[in-house]
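**Student:** First the structure, then my questions, so here it is.
The values are calculated or read from the model by the stated rules, or taken from the named source; none is laboratory data. Just so it is clear, the structure is predicted and the values come from calculations on it, not from any experiment. Don't worry about glycine lacking a Cβ; one is built from the backbone with ideal geometry, like all the others, and counts go over all protein chains shown.
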Amino acid sequence: MMKKTFLIFVLLVSGWLMSTAEVMERVVLYPSVNPQGDTITLSGKLCVPMGKKPKGLILIPHYTITSKYQAPSVKPTGEAAFFKDDYVLVMPDYIGYGVTAEMEHPYLAGELTAHNCIDMLFGVQPVLDSLQCGVNTDSLYIVGYSQGGASAVWIFKVLEEQYPDRFHVLGCYAGGGPYDVTATYEDALQRKKVFMPIVIPMVVMGADVAYDLKLDRTAFFTPEMQEIYTKYVANKEYTTTDIFFHVRSHRIDRWLTPLALDPTNPEMLPLYEAFKRFSIVRYPLNDEVADREVICLDWTPKAPLYIFHSKGDNVVTVHCAEHLRRCLPDAPNIRFDIGRYGSHTHASARFFKRVRKMLR
């Protein structure tokens, strides 16, 4: 596993090592809102290639991170390596990272995260105006993988529905995204194991933060997981890779209580309602369950949408992409690329390479 993780790490950072372009990087602070709707200051990284006119602007919501040192405003991200020489890049930190590192991160709160990212577009416009680089935020691409993939589609939806006269989305490219959070959770329950165990409590706590559910953590997590979450996630000192090597067992019953393992328990209803609101599309994991509410999208993308997912994804079930495909019309501007591309991490490199080729 170590060798595979290191290989993908090298692939993701290789663009930074081989870059020939001079790139200006600037941390941008901007106003946005917290889960309660109050105004807060968020941060992110703006990258602008210098010495030539950029081809355009890409908004890049980042993948799942757990360390405050992984925030885009703190260090270069793997996604940026593929595009920074040719495009202006806007990379939000999200609530809970950057200047809000002391706050809990509302993990997978799709619509909230979308608005937080869109607010950064407004925040960087004065900087772009001052640089006179020939690019503004009126027209943009959106690119994201994993958590960033789901965020990318949420951003796309919100921009087309709520800002049709302000922003023109040229294309949205999403890979490996948990578009159906309920399916992701139930897939872990059915398989009785999960490749990244720490993600499950992150989803539960993200729902608690986003919707103020006031959950009793001890009712959902075993004592061992409570200790791990406090030690390795809450303090934001450890990366997801660090945590992976500290959490050896993939069996979900070692980390979740009987309550959390029983989706039919009435006490799980508030959590499942939050999962629905997190999801861009909501289909039951098992289509034979007749009493489960099925909700499709009430939105048809106007700009091009590219959805990439590996059938062998060991972190985000491929059901997420399949459910999204079933809820979208068969249209020439919508393309699904679902194939055998390896694990979640391995597929990420292939996704970014494909998108880079599309945007050249």
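**Student:** Do any residues in the range 131-151 that are free of Cβ contacts under 8 Å to residues at least 40 places away in the same chain have Cβ atoms under 8 Å from those of residues that are surrounded by fewer than 24 Cβ atoms within 10 Å (Cβ to Cβ) and in a strand (DSSP E or B), where the two are at least six apart or on different chains, and which pairs are they?
**Tutor:** Asp138/His168
**Student:** Quick one: Glu161 ticks every box in (1) more than 22 Å from the chain's Cα centre (by Cα); (2) more than 17 Å from Pro263 (Cα to Cα); (3) of a type in the set (Asp, Glu) bar one, so which box is it?
**Tutor:** (1)
**Student:** Would you list the helices (runs of 4 or more DSSP H) that sit entirely within the range 181-276 and hold 1 or more residues that are under 25 Å from Ala321 (Cβ atoms), of a type in the set (Val, Ile, Thr) and under 19 Å from the mean Cα position of the chain (by Cα)?
**Tutor:** 181-191, 199-211, 240-246
**Student:** Across the range 102-141, what is the total count of residues that are of a type in the set (S, T, N, Q) and in a helix (DSSP H, G or I)?
**Tutor:** Qualifying residue count, the range 102-141: 4.
This table checks each residue for (1) assigned by TED's automatic domain parsing to the domain that holds Arg335; (2) of a type in the set (A, V, I, L, M, F, W, C); (3) modelled with pLDDT of 90 or more.
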position	(1), (2), (3)
Phe245	no, yes, no
His250	no, no, no
Asp253	no, no, yes
Pro258	no, no, yes
Asp262	no, no, yes
Leu269	no, yes, yes
Asp287	no, no, no
Glu293	no, no, no
Tyr306	yes, no, yes
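**Student:** Being surrounded by fewer than 24 Cβ atoms within 10 Å (Cβ to Cβ), assigned by TED's automatic domain parsing to the domain that holds Leu131 and either under 17 Å from the mean Cα position of the chain (by Cα) or among the β-branched types (Val, Ile, Thr) (or both): is that true of Lys45 here?
**Tutor:** Spelling it out, it is not the case that Lys45 is surrounded by fewer than 24 Cβ atoms within 10 Å (Cβ to Cβ), assigned by TED's automatic domain parsing to the domain that holds Leu131 and either under 17 Å from the mean Cα position of the chain (by Cα) or among the β-branched types (Val, Ile, Thr) (or both).
Conditions (1) in a helix (DSSP H, G or I); (2) in the same structural domain as Ala80 (by TED's automatic domain parsing); (3) under 18 Å from Glu79 (Cα atoms), marked per residue:
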residue: His309; (1), (2), (3): no, yes, yes
residue: Asn314; (1), (2), (3): no, yes, no
residue: His323; (1), (2), (3): yes, yes, no
residue: Arg326; (1), (2), (3): yes, yes, no
residue: Pro329; (1), (2), (3): no, yes, no
residue: Ile338; (1), (2), (3): no, yes, no
residue: Gly342; (1), (2), (3): no, yes, no
residue: Thr345; (1), (2), (3): yes, yes, yes
residue: Ser348; (1), (2), (3): yes, yes, yes
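**Student:** Pick from Val99, Val74: which is surrounded by fewer than 24 Cβ atoms within 10 Å (Cβ to Cβ) and assigned to a loop (DSSP other than H, G, I, E, B)?
**Tutor:** Val74
**Student:** Is one or more of the residues making up the range 165-179 surrounded by fewer than 22 Cβ atoms within 10 Å (Cβ to Cβ), modelled with pLDDT of 90 or more, acidic (Asp, Glu) and more than 23 Å from Phe351 (Cβ to Cβ)?
**Tutor:** yes
**Student:** Going through the range 77-96 one residue at a time, which ones are surrounded by 23 or more Cβ atoms within 10 Å (Cβ to Cβ) and either of a type in the set (D, E, K, R) or not assigned by TED's automatic domain parsing to the domain that holds Gln147 (or both)?
**Tutor:** Correct list: Glu79, Lys84, Asp93.
**Student:** Further question: Given (1) part of a loop (DSSP other than H, G, I, E, B); (2) touching a Pro at 6+ places or on another chain (Cβ under 8 Å), identify the lone condition not met by Gly144.
**Tutor:** Condition (1) is where Gly144 drops out.
**Student:** Pairs please, first residue from the range 29-41 and within 12 Å of Pro106 (Cβ to Cβ) and acidic (Asp, Glu), second anywhere and at pLDDT 95 or above and surrounded by fewer than 11 Cβ atoms within 10 Å (Cβ to Cβ), Cβ atoms under 9 Å, 6+ apart in sequence or on different chains.
**Tutor:** none
**Student:** I would also like to ask the following. Of the residues Tyr238, Tyr179, Tyr211, Tyr232, only one is within 30 Å of Lys55 (Cα to Cα) and touching a helix residue (DSSP H, G or I) at 6+ places or on another chain (Cβ under 6 Å); which?
**Tutor:** Of Tyr238, Tyr179, Tyr211, Tyr232, the one residue that is within 30 Å of Lys55 (Cα to Cα) and touching a helix residue (DSSP H, G or I) at 6+ places or on another chain (Cβ under 6 Å) is Tyr179.
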